[in-house]
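Asker: Below you'll find the structure I mean.
The values are calculated or read from the model by the stated rules, or taken from the named source; none is laboratory data. On a predicted model such as this, the values are computed, not experimentally measured, just so you know. Note that each Cβ is placed from the backbone with ideal geometry, even for glycine, and that neighbours are counted across all protein chains shown.
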Amino acid sequence: MGYQNDLILRSARGEQVERTPVWLMRQAGRILPEYRAVRNSLSGFKELVETPELAAEVTIQPVDLLGVDAAIIFSDILVIPEAMGLTYKMVEKQGPWFEKTIQSLDDVVKLKIATAEDLDYTIEAIKITKKELNNRVPLIGFAGAPWTIFSYMIEGSGSKTFSKARKMLFTEPELAHQLLQKITDSTINYLKGQIVAGADIIQIFDSWAGILSPQQYEIFSMPYLKQICDAIQEVPVTVFAKGAYFARHTLAQLDCNTIGLDWNMGIQESRNIIGDNKTLQGNLDPCVLYASYSEIEKQTKEMLRTFGKSRHIANLGHGVYPDTDPDKVKCFIETVKSYQH
């Protein structure tokens, strides 16, 4: 493919790298004034997601401004329920909100299995981004994991407990499995469309993995993650299951290249559980970026030393927080790039 910088792809595949690659979850976002300028010219977040030229512009900003080793397409995990027929609004300072939620088997039956064509705005944004990146760095495509998407479709908004969604697993497991399967089929179609459009690597975000018990996670998340990993063979796949420290052994069995760690997961312990044939991604606490420059350097170097040079993609343990100083983010990125193992 002739990338000027293909470190992240080589690291994901377990090949030799000159240095550890680095990118950040939520790198295209509110930390950058340049992003805010684009966003403020529109009605809001959703219009930006659905406007390919502008989504491409904010996808590329962190490559230019922060010097990261990969771009990640600017989108949202909730485009999948929308494409299936369940629309949402993004409420300023509150997050996503669904006017209608899934409450019965009849509601599930009415949903369509989404195709890549239903999400043509993201597919188009990927094509534009690929052209404009001109092979400088790889482009990450992504989707939410079925359990996380299911949570929003049942709950209707963000939640600390997602008790409605979890209740459904106990009271109507058949409904749960039917909905999870429809989400999974839609997600596979969507990710395959992203790859055809030019995504070089795929990340699956299981943002609410950590609110399930280990037993429920085995039943209602893992089989669907497995289907997605088995279906996507064309490019490397990363699975990031936030809070699912209890599932690391099972996640290691998935046919994926990389497992993302959050900041609560010990690095050495994770390596021992997961083994040497997967790349690990992460996992600096995003709050470290509020510290002094010297402290950011110290903590970043300690993280890099513990992970070692091979099979590691440097990142935070979750998305960068919106009020983080971009110069502190640059300090983290530059520390990774200059680190000598």
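Asker: Going through K330, K337, K309, K301 one at a time, which residue ends up being modelled with pLDDT under 95 and surrounded by fewer than 21 Cβ atoms within 10 Å (Cβ to Cβ)? Give the steps one after another, and end with the answer.
Answerer: Details: K330 fails: modelled with pLDDT under 95; K337 fails: modelled with pLDDT under 95; K301 fails: modelled with pLDDT under 95.
None of the other options fit; the residue is K309.
Asker: Which residues, taken from region 233-246, are buried (at least 22 other Cβ atoms within 10 Å of the Cβ) and either over 13 Å from the mean Cα position of the chain (by Cα) or of a type in the set (S, T, Y) (or both)?
Answerer: First, pick out the residues of region 233-246 that are buried (at least 22 other Cβ atoms within 10 Å of the Cβ): 236-242, 244.
Selection gives P236, T238, A244.
Asker: Further, regarding this structure: Can you name every residue in region 3-37 that is part of a loop (DSSP other than H, G, I, E, B), touching a Lys or Arg at 6+ places or on another chain (Cβ under 8 Å) and among the β-branched types (V, I, T)?
Answerer: Answer for region 3-37, where residues must be part of a loop (DSSP other than H, G, I, E, B), touching a Lys or Arg at 6+ places or on another chain (Cβ under 8 Å) and among the β-branched types (V, I, T): V17, T20.
Asker: Could I ask something else about it? For region 38-50, give me the residue count where each residue is in contact with a strand residue (DSSP E or B) (Cβ under 9 Å, 6 or more places away or on another chain), in a loop (DSSP other than H, G, I, E, B) and at pLDDT 95 or above. Write out each step before concluding.
Answerer: So the first thing to find is which residues in region 38-50 are in contact with a strand residue (DSSP E or B) (Cβ under 9 Å, 6 or more places away or on another chain), and the list is 44-46, 49.
Right, trim to in a loop (DSSP other than H, G, I, E, B) and you get 44.
Subset that is at pLDDT 95 or above: none.
Total meeting the criteria: 0.
Asker: Can you confirm whether region 202-216 contains a residue that is over 17 Å from the mean Cα position of the chain (by Cα), in contact (Cβ under 8 Å) with a residue 40 or more places away in the chain and in a helix (DSSP H, G or I)? Before the answer, list the steps.
Answerer: Residues of region 202-216 over 17 Å from the mean Cα position of the chain (by Cα): 211-216.
Those left that are additionally in contact (Cβ under 8 Å) with a residue 40 or more places away in the chain: 211-212, 216.
So of that shortlist, the ones also in a helix (DSSP H, G or I) come out as 211, 216.
Yes, that holds for at least one residue.
Asker: Failed condition for L261, given (1) surrounded by fewer than 20 Cβ atoms within 10 Å (Cβ to Cβ); (2) closer than 19 Å to H312 by Cβ, with all others met?
Answerer: Checking L261 against (1) surrounded by fewer than 20 Cβ atoms within 10 Å (Cβ to Cβ); (2) closer than 19 Å to H312 by Cβ, the one that fails is (1).
Asker: Give the number of residues within region 17-57 that are touching a Gly at 6+ places or on another chain (Cβ under 8 Å), among the aliphatic types (A, V, I, L, M) and farther than 19 Å from P286 by Cα.
Answerer: Looking only at that region, the number is 0.
Asker: Here's a follow-up. Is there a residue in region 167-174 that is crowded, with 20+ Cβ neighbours inside 10 Å, of a type outside the set (V, I, T) and either over 22 Å from the mean Cα position of the chain (by Cα) or at pLDDT 95 or above (or both)? Reasoning before the result, please.
Answerer: Going through region 167-174, the residues crowded, with 20+ Cβ neighbours inside 10 Å turn out to be 168-169.
Pick out the ones that are also of a type outside the set (V, I, T) and you get 168-169.
Okay, now just the ones that are also either over 22 Å from the mean Cα position of the chain (by Cα) or at pLDDT 95 or above (or both), so 168-169.
Checking region 167-174: at least one residue is crowded, with 20+ Cβ neighbours inside 10 Å, of a type outside the set (V, I, T) and either over 22 Å from the mean Cα position of the chain (by Cα) or at pLDDT 95 or above (or both).
Asker: For region 268-282, name all the residues that are over 25 Å from Q194 (Cβ atoms), not aliphatic (A, V, I, L, M) and not in a loop (DSSP other than H, G, I, E, B). Before the answer, list the steps.
Answerer: Filtering region 268-282 down to residues over 25 Å from Q194 (Cβ atoms) leaves 268-277.
Those still in the list that are not aliphatic (A, V, I, L, M) too: 268-272, 275-277.
Matches in region 268-282: Q268, E269, S270, R271, N272.
Asker: So, one more: State the number of residues belonging to region 224-267 that are in a helix (DSSP H, G or I), touching a residue at least 40 places away in the same chain (Cβ under 8 Å) and under 18 Å from L180 (Cα atoms). Steps first, answer last, please.
Answerer: Keep residues of region 224-267 that are in a helix (DSSP H, G or I), which gives 224-231, 245-251, 267.
Imposing the further condition that a residue be touching a residue at least 40 places away in the same chain (Cβ under 8 Å) reduces the set to 224-225, 227-228, 231, 267.
Cutting the leftovers down to under 18 Å from L180 (Cα atoms) gives us 224-225, 227-228, 231.
Total satisfying the criteria: 5.
Asker: Please verify whether S207 is at negative phi, surrounded by 19 or more Cβ atoms within 10 Å (Cβ to Cβ) and polar (S, T, N, Q), treating the condition exactly as stated.
Answerer: Numbers: at negative phi: yes; surrounded by 19 or more Cβ atoms within 10 Å (Cβ to Cβ): yes; polar (S, T, N, Q): yes.
Considered against the rule, which asks whether it is at negative phi, surrounded by 19 or more Cβ atoms within 10 Å (Cβ to Cβ) and polar (S, T, N, Q), S207 comes out as yes.
Asker: OK, next. Assess whether S186 counts as being crowded, with 17+ Cβ neighbours inside 10 Å, of a type outside the set (A, V, I, L, M, F, W, C) and under 23 Å from V22 (Cα atoms).
Answerer: On the way: crowded, with 17+ Cβ neighbours inside 10 Å: yes; of a type outside the set (A, V, I, L, M, F, W, C): yes; under 23 Å from V22 (Cα atoms): no.
Answer is no for this residue.
Asker: Return the pair list, or none, for Cβ contacts closer than 9 Å from residues in region 37-61 that are under 13 Å from S75 (Cβ atoms) and in contact (Cβ under 8 Å) with a residue 60 or more places away in the chain to residues that are part of a helix (DSSP H, G or I) and acidic (D, E), at least 6 apart or on different chains.
Answerer: P52/D120; P52/E124; A55/E124; A56/E124; A56/E132; T59/E132
Asker: Before we move on, is S292 free of Cβ contacts under 8 Å to residues at least 12 places away in the same chain and either under 21 Å from the mean Cα position of the chain (by Cα) or under 29 Å from Y35 (Cα atoms) (or both)? Step through it out loud before you land on a result.
Answerer: Working: free of Cβ contacts under 8 Å to residues at least 12 places away in the same chain: yes; either under 21 Å from the mean Cα position of the chain (by Cα) or under 29 Å from Y35 (Cα atoms) (or both): yes.
It is true that S292 is free of Cβ contacts under 8 Å to residues at least 12 places away in the same chain and either under 21 Å from the mean Cα position of the chain (by Cα) or under 29 Å from Y35 (Cα atoms) (or both).
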